[in-house]
Structure formats: structure tokens, C-alpha cells
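Structure record follows, encoded as C-alpha cells.
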Amino acid sequence: MKLLKSIYLKVLMLFAVITISGCTASPEMGNYTVQLRNQMQDMLDVLFGGHYAEFMETYVDPDYIKSMGGVNQALREFDNSEQQRLYADLKLCKNITPFYNENKKELTYTSTVMQQPITFKQIGTKWYMEGYWFKN
């Protein structure tokens, strides 16, 4: 019984060390997460107001908009159900810790409740939603 307790404590300590060491985040990521969380509130306000063209122009990756042939073309793919789903997903994202890809300057939000992850990439000082989300 004493041996079993000893093994259990060693496993528990190892798990704690691994968990704690894996949870460290760079100060850069913390700053980016706060910036993006604040920007998400603006995104939510624009979507709630029904300003979908403004949302596309302001918050979606410019390369995606260009590849679609402009905002109007991109809006044709962004129907009512997707608008509602994006609004709900962005509300969830505000409460999720993202995965940070330092090499690409990307933050990815994922949850079992979301149909697909949302990735934002930094261009200059602003965050833009990756266009792949709109293609599904």
C-alpha cells in the first residue's frame, strides 16, 4: 500500500510539473491576446449592427477579399447562417485561450463547440481573420 501511494505521488508530481511548464506563455502572446480580445468586441458590435461589408473590409484578411474579387463577391458567400455562426463563435473566442504561432504571428481559437477554428493573423498592428473560415 505504501508503494502504491509513493508511485501515485510521483506520477501526480510529474503531471503537475509537465502541466505547469507547458502553461507558460510569452509576454508577447499575452499582449496580442488582449489586443485581439478588444478588437473582437468591435467585430461583434459591427456584426450585431448588420454591417457585414464593413466587417469584411475591416477585419477579414485583405488577401482573401482580393482573391474573391472584392468585398461584394466575398459577401455573397457570407450568408445569414454563417453570419450568426461567426457572431456566436467570436463570442466564444473572447473566453478561450488561443494557440499562438510565433513564426507566423497567428492566434488560433478552437473549441469543441465551434464547427471550425478561427485563425487571426497580424498585419502591422492589426489582426485579420483568415479567409479559410468563409470557405466552409
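The values are calculated or read from the model by the stated rules, or taken from the named source; none is laboratory data. Please read these numbers as outputs of a predicted model, since none were measured by experiment. Don't worry about glycine lacking a Cβ; one is built from the backbone with ideal geometry, like all the others, and counts go over all protein chains shown.
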Check: If only one of F120, F134 is surrounded by 13 or more Cβ atoms within 10 Å (Cβ to Cβ), at pLDDT below 95 and of a type in the set (F, W, Y), which one is it?
Finding: F134
Margin query: Looking at region 18-56 only, could you name the residues that are modelled with pLDDT under 70 and surrounded by 10 or more Cβ atoms within 10 Å (Cβ to Cβ)?
Written below: I18, A25, S26
Item checked: Number of positions in region 87-109 that are in contact with a strand residue (DSSP E or B) (Cβ under 8 Å, 6 or more places away or on another chain), in a loop (DSSP other than H, G, I, E, B) and within 23 Å of L47 (Cα to Cα) -> 2
Note to self: I'm told T125 meets every condition in (1) buried (at least 19 other Cβ atoms within 10 Å of the Cβ); (2) hydroxyl-bearing (S, T, Y); (3) within 20 Å of D45 (Cβ to Cβ) except one. Can you identify the failing condition by its number?
What the structure shows: (1)
Notebook entry, point to check: Which of the residues that make up region 109-134 are hydroxyl-bearing (S, T, Y), under 20 Å from I65 (Cα atoms) and in contact with a Ser or Thr (Cβ under 8 Å, 6 or more places away or on another chain)?
Noted result: T119, Y132
Next item on the list: Test each condition in (1) assigned to a loop (DSSP other than H, G, I, E, B); (2) under 15 Å from M43 (Cβ atoms) for T112 and report the one that comes out false.
Entry: (2)
Note to self: What's the total number of residues in region 48-95 that are of a type outside the set (F, W, Y) and in contact (Cβ under 8 Å) with a residue 60 or more places away in the chain?
What the structure shows: 8
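Mind listing just one residue for me: the one in region 60-114 that is at positive phi and over 19 Å from the mean Cα position of the chain (by Cα) and, of those, surrounded by the fewest Cβ atoms within 10 Å (Cβ to Cβ)?
Filtering region 60-114 down to residues at positive phi leaves 69-70, 105.
Still in the running and over 19 Å from the mean Cα position of the chain (by Cα): 69-70.
On the way: G69: 10, G70: 12.
Looking at residues that are at positive phi and over 19 Å from the mean Cα position of the chain (by Cα), I get G69.
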Item checked: region 108-136, residues that are out of contact with any Lys or Arg (no Cβ under 8 Å at 6 or more places or on another chain) and of a type in the set (A, V, I, L, M, F, W, C) -> V113, M114, I118, F120, I123, M129, W133, F134
Item checked: Members of region 100-123 found to be closer than 19 Å to Q84 by Cα and among the hydroxyl-bearing types (S, T, Y), listed by number -> Y109, T110, S111, T112, T119
